[in-house]
1. Over every pair of different alpha-carbon atoms in the range 307-364, take the mean of 1/r and invert it; report that Kirkwood radius in Å.
2. What whole-number volume per residue, in cubic angstrom, does the convex hull of the C-alpha atoms of the range 159-265 give?
3. Would you mind checking the range 299-316 for residues with the amide N under 17 Å from a putative spin-label position 7 Å along Cα→C-beta of N352?
4. Quick one: angle between helix 84-94 and the longest Cα principal axis of the chain, in degrees between 0 and 90, rounded to 10, please.
5. Restricting things to alpha carbons, tell me how big the range 237-360 is in terms of Rg and Dmax, in Å.
6. Using a 10 Å cut-off on Cβ atoms, rank the peptides 423-429, 127-133 from the highest mean neighbour count down.
7. Any chance you could get the radius of gyration and Dmax over the Cα atoms of the range 356-403, in Å?
8. When the chain is fully extended, how far beyond the present Cα-Cα distance does L386 get from T250, taking 0.36 nm per residue of separation?
Amino acid sequence: MEELELKDFFKYVLSKLVIILACVVLALIAGASYTFNIKEPMYKSNTTIVLTAEKNNTNTAITQNDLTINKSLVSTYSQIIKSKKVLKQVIKNLKLDMTVGELSSIVSVEAISNTEIISITVSNKDAKKAPKIANEIARIFMKEIVSLYNIENVNVVDKAEESKMPYNMNYVKDVIIYLFIGFVISFAIIIITFYFDTTIKSTEEIETKLNLPILGSVPAPNKKHKINSELVVHDNSKSIISEGIKTLRTNLQFSSVDKKLKSILVTSSIPGEGKSFTSANLATAFAQDGRKVLLVDCDMRKGRQHYMFNVKNDLGLSNLLISDNIENYREFFKKTKVENLFVLTMGTIPPNPSELLGSEKNKKIMDLFSKHFDIVIYDSVPVNGLPDSLIMSRLVDKVVVVTELKHTPYDLLNNTKKSLEKVNADIAGVVVNKVAANNKKAYTYSKYYG
């Protein structure tokens, strides 16, 4: 199970490449904007001084005693360099517009380990000012040592020079950092959405976790399909979507072994999963197979089969169910442009759809339909929240549940299954609708069953 979830996660990551790309681009844009418009370039200049033997010493050779004394003075001299007295004099001499504290914050003093060398580094946004400050600090410091200790044991090794490049502007490094930030943000978003996304993410999840068979998959239309009508099986019979519907038709025929398949209920868990689209095209596919087919729109709340087939909805199922003479049911049918296919639309919206569907009259009508048609397909409402589909599921041979990956919540599909099982409905399986064209796994069902 953990292996499956990890595999689902990687598939989920691949499906969110647009988010990753967007985060990386935004991070680069934001980073570049900060680097070029907000971040101030800073320049460093460095001077080094060394403690030597006292110049007025008659013995020009440096003794071990001199080295020992100088090493002990390194720490003291480092403190004197950043003393207020030295820094105030530097500010005065160079006429700097800053306080001692501000100057101290841009000056760093480092005693080189195991040597008598002291490094003085000055950071400043002005490349020319930084070396002037560093050299002036060294000069004032040397004078201060003479004044304090009356010795001249400090010499400049390297004078500070003007830096040509800002030390805090490494564009290649910045780009790498911004890319890394973009990837981190995108993966954080993906991880959060993955674990808070409770929708069905794969066909394997339906099979393994819900133990429901996959009857087939219907690809999502794209520009290549050139789909201009919802009746794809009729208007675009050679499209990959039509092939998916025809595979579903074949699989349904094999799902009923014990008795002849006469009636099918098509439902879903929530609105928007494509049950009406599936119902209409499945009915068309059966009609093209030479069957006499009736499509009944028993969604008497928001039925849309009359829109899909472009027929009138003046008389429909609700009107037939309140009719005194159900024997004249043929008057309520609408002939469609598909040969052998008739449609019974939803009719006038009634105040009590559930009661009408659960009535004895509805059962009699359904028996009449089954006698006069080779197959009857019922387009019903979603299971969750309404009893209509549960009522109808007990009166048909097979129930088909339409679902959509990354749209249908797992809990609601599971609840649909449990609700149908409670009323002993015969669930043929699940149709996965709007499958991405690159989902190869989904099409293996078509190849296997077809």
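1. Details: mean 1/r = 0.0825 Å⁻¹.
Averaging 1/r across every pair of different Cα atoms and inverting gives 12.1 Å.
2. Working: hull volume 22.5 nm³, N = 107.
It comes to 210 Å³ per residue, whole-number rounded.
3. Flagged as within label range: 300-301.
4. Tilt relative to the chain: about 90 degrees.
5. Taking only Cα atoms of the range 237-360, I get Rg and Dmax of 15.0, 45 Å.
6. Working: 423-429: 17.4, 127-133: 19.4.
My ranking of the peptides, most packed first, is 127-133, 423-429.
7. Over the range 356-403's Cα set, Rg and Dmax evaluate to 11.2, 33 Å.
8. Numbers: separation 136, 0.36 × 136 = 48.96 nm, distance 2.98 nm.
Extra length available between L386 and T250 comes to 46.0 nm.
Here, each number is a calculation from the coordinates, and none is a lab measurement. In this text the structure is predicted, and so the values were computed from the model without any measurement. As a convention, Cβ positions derive from the backbone with ideal geometry for all residues, glycine included, and neighbour counts pool all protein chains shown.
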